[in-house]
Amino acid sequence: MAKSTGPTGEAAKLHRGFGWLAALGMILVLAGLVGLVYTGVATLTSMILFGWLLLIGGTVGLLHAIQARGTSFFWLGVVVAALNIAAGVVIMRRPEAAAEALTMFAALLFLTGGVFRLVGSLVVRGPQFGWTLVQGAFGLLLGILVLASWPSSSKYVIGTFFALALLFDGLGLIATGFGGRRIVGMVTEAEQQEGAAKPVQPE
């Protein structure tokens, strides 16, 4: 009975790569679960991360604008970079106020999106009528609930969305990692069986 061996060469690299992908997914899932338990901490963390991203993006944009000085892009790049840096500084200094503003903005998006979906589904009545109607009603209800408890809702809404995003991204990475490892293992096993079944040519 032939002893089966694991993936080798490029297959082994793919196998390890998918393994690291699954491990990253597990970390994201764990972070998402912690964020769902401590939504206030998740909200502040997401605001601070958002502020740092704006600061870094504004700094990089300013450097690109300086490199492109003398062109028509220069002043536009400087203005956009300055706005990003200013927004990042404000968010870093007042993360609670930034969370309140973003929560209000998200609630208004839910409200307007829900109204448009409801009206559109009732007017068009296409093949996805029922699903669009449910989406619109859900968005409208969610927007009303968030606005009804604002600004106290800003302490957990952004954090909940952030934690859910981490959770679902992590689950997607886990599925991709384990699925990829399984496919690589199946391909490697098939190649090994094909090589074992191939007759040896006499010299």
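The values are calculated or read from the model by the stated rules, or taken from the named source; none is laboratory data. Since we're looking at a predicted model, the values are computed, not measured. Using ideal geometry, Cβ is built from the backbone for each residue, glycine included, and neighbour counts are taken over all protein chains shown. Surface accessibility is based on the protein's heavy atoms, side chains included, excluding ligands, DNA and RNA. Shrake-Rupley method; radii C 1.70, N 1.55, O 1.52, S 1.80 Å.
Here are the numbers for the structure shown:
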| read-out | value |
| --- | --- |
| Where a residue in the range 163-182 is surrounded by fewer than 18 Cβ atoms within 10 Å (Cβ to Cβ) and its partner, wherever it lies, is part of a helix (DSSP H, G or I) and aromatic (F, W, Y), with Cβ under 9 Å and at least six apart | T176/F18; F178/F18; G179/F18; G180/F18; R182/F18 |
| Number of positions in the range 25-38 that are open to solvent by 90 Å² or more (accessible area, probe 1.4 Å) and aliphatic (A, V, I, L, M) | 4 |
| Answer from A148, A101, A106 - the residue that is crowded, with 18+ Cβ neighbours inside 10 Å and closer than 25 Å to M47 by Cα | A106 |
| Residue within the range 39-49 that is farther than 26 Å from T160 by Cα and open to solvent by less than 80 Å² (accessible area, probe 1.4 Å) present | no |
| Any hit, the range 1-15, residues being over 21 Å from G179 (Cβ atoms), open to solvent by 50 Å² or more (accessible area, probe 1.4 Å) and modelled with pLDDT of 85 or more | no |
| Filter pass, G40 being closer than 15 Å to I158 by Cβ, touching a Phe, Trp or Tyr at 6+ places or on another chain (Cβ under 9 Å) and at pLDDT 85 or above | no |
| Residue among R69, R93 that is among the basic types (K, R), at pLDDT 80 or above and open to solvent by 60 Å² or more (accessible area, probe 1.4 Å) | R93 |
